[in-house]
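The values are calculated or read from the model by the stated rules, or taken from the named source; none is laboratory data. Since this is a predicted model, take the numbers as computed values, not measurements. Reconstructed Cβ throughout: ideal geometry from the backbone, glycine too, with neighbour counts over all protein chains shown. Quick note on the areas: whole protein, heavy atoms, side chains included, nothing else; ligands and nucleic acids left out. Shrake-Rupley method; radii C 1.70, N 1.55, O 1.52, S 1.80 Å.
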Amino acid sequence: MSHMRKFYLKCDESSNGFRINSWISAVISRKVEELILILEADEPDEIPPSLFTCGSLVSLELQLPNLYLRLPNCISFPRLKVLRLFGINFGDDLLTEQLFSSCPILEDLIMRDCTWLYMENLCISAPALKRLEIDNSFLKDVDYEDGLEDCMVKIHAPSLVSLVYKGSVAREYDLSSFPLLVDADINFVSETLTETWDAKISYSAGVRVNEFLRGLTNVNCLKVSGQAIKGLSFADDLLKDLAPFCNLIQLDVTGVLETSADTGICALLQLAPRLESLIFREGLPMDRAMKMKVGR
């Protein structure tokens, strides 16, 4: 039986679950290398457990809007290099961690509009990982929680080159060193980073933003939202704990940078001795720029 290079399957709610399961099982038996599944289903049983031990897969994309992903106890992807997950609801700390750790040569991990409700820990350990994207900005646009506020986010990816994080401020961060990090795009979307909230809550969020940015000190090009910088300003007494961004040559500030964020942006500028390019996407009044000595 010949091997299959690529299989694409898109099904809506009216599709027969048994047939979907049979199709997926059939392509797994043909040692498929690239698999894209877009399943708007009501039941997760349409995905056979054998998918998660498919030794031939090099690239896997799962789009399961509003579907809770049931992960089996046995997971193994020895050849998987690209994993893309869209709209998936995760709910088990240990099995979610096992999913990522069972991909020893994984290089690209993209998660968009996923949720981690009722989870306490989101652990991503992938020594070969080069690109990581966690983007829940759409969920925030429709006022839907991603669950990260209650999670400890732990990332061990010493080979990481590119990082995108757009989501809630997690309960706690534990980031390993990223010595090869070239670019990062950070946008914390959280109501706790507004002055209308209790000062203690906003300060706590600022502490966690500080924790996150301490893991990015090797980055070359940093794109960061004005709201994230505002979070730093809430914890201004902790700015001294930020390590210098010795490799940072480009800083790109997206969104509105409120006056209350000036403390944070000034601290970042002082910690970036090699900075060559500073961009404010929404502009900056000249009087504030002069106070920051941006005009030098």
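Solvent-accessible surface of protein heavy atoms, probed at 1.4 angstrom with all chains present, puts Lys230, Lys130 in the order Lys130, Lys230, largest first. Heavy-atom accessible area, probed at 1.4 angstrom with all protein chains present, ranks Phe18, Phe234, Phe138, Phe212 as Phe18, Phe138, Phe234, Phe212, highest first.
Each residue of segment 209-221 is assigned a 3J(HN,Hα), and the resulting list reads 4, 4, 4, 5, 5, 5, x, 10, 5, 8, 5, 8, 10 Hz, derived from the Karplus form 6.51 cos²θ - 1.76 cosθ + 1.60 (θ = phi - 60°), x at Gly and Pro. Return one number: the angle in degrees, 0 to 90 and rounded to the nearest 10, between the long axis of the Cα atoms of helix 17-29 and the longest principal axis of the Cα atoms of the chain. Rounded to the nearest ten degrees, it is 90. Close amide H contacts of Ser76 (hydrogens built in the peptide plane, cut-off under 5 Å, sequence separation of 5 or more or a different chain): Thr53, Cys54. Each Lys and Arg adds +1 at its Cβ and each Asp and Glu adds -1 at its Cβ; summed about the Cα centre, the chain shows a dipole of about 1300 debye. Solvent-accessible surface (1.4 Å probe) assigned to Tyr173 amounts to roughly 20 Å². Hand me the GluC sites (Glu not before Pro) from segment 93-191 located in a DSSP loop with no more than 12 other Cβ atoms within 10 Å, in residue order please. Taking segment 93-191 and a limit of 12 other Cβ atoms within 10 Å, the loop GluC sites (Glu not before Pro) found are Glu120.
Residues in the chain average 47 Å² of solvent-accessible surface per residue, probe 1.4 Å, ligands and nucleic acids excluded.
Greater than 22 Å separation of Cα atoms is the criterion. Which listed pairs, Lys10/Lys31; Lys166/Lys230; Lys130/Lys166; Lys130/Lys230; Lys31/Lys81, meet it? The partial results should precede the final answer.
Details: Lys10/Lys31 20 Å; Lys166/Lys230 15 Å; Lys130/Lys166 18 Å; Lys130/Lys230 29 Å; Lys31/Lys81 15 Å.
Check vs 22 Å cut-off fails for Lys130/Lys230.
Among beta bridges identified by DSSP and lying wholly in the chain, the antiparallel ones come to about 0 percent. For segment 110-117, the Karplus equation 6.51 cos²θ - 1.76 cosθ + 1.60, evaluated at θ = phi - 60°, returns couplings of 10, 10, 10, 6, 9, 10, 10, 5 Hz by residue, with Gly and Pro reported as x.
Computed over the alpha-carbon pairs of segment 1-92, the distance histogram in 5 Å steps reads 3, 14, 25, 29, 20, 8, 1, 0 percent, short to long.
Taking the inverse of the mean 1/r over every pair of distinct Cα atoms in the chain gives a Kirkwood hydrodynamic radius of 20.5 Å. For segment 54-126, DSSP calls about 0 percent of its internal beta bridges antiparallel. Treating each Cα of segment 19-148 as an identical point scatterer and summing with the Debye formula, the log10 of I(q)/I(0) at q = 0.19 Å⁻¹ comes to -1.14. Look at the dipole of segment 20-168 built from charges on Cβ: of Phe77, Gly91, Leu122, the Cα furthest out on the positive end belongs to Phe77. In this structure, the amide hydrogen of Ser159, modeled 1.01 Å from its nitrogen in the peptide plane, lies closer than 5 angstrom to those of Leu129, counting only residues at least 5 positions away or on a different chain. Computed 3J(HN,Hα) for segment 255-269, one whole-Hz value per residue from the Karplus formula 6.51 cos²θ - 1.76 cosθ + 1.60 where θ = phi - 60°, is x, 6, 9, 6, 4, 5, 9, 4, 4, x, 5, 5, 5, 4, 5, glycine and proline marked x. What residue among Gly147, Gly255, Gly264 has the largest mean-square fluctuation in a Gaussian network model of the chain, using Cα springs under 10 Å? Comparing Gly147, Gly255, Gly264 in a Gaussian network model of the chain, the most mobile one is Gly255.
Summing -39500 (n - 2.57) over the DSSP H runs of n ≥ 4 in the chain and dividing by its residue number, what mean residue ellipticity at 222 nm do you reach, to the nearest 500 deg cm²/dmol?
My calculation for the chain gives -6500 deg cm²/dmol from helical runs alone.
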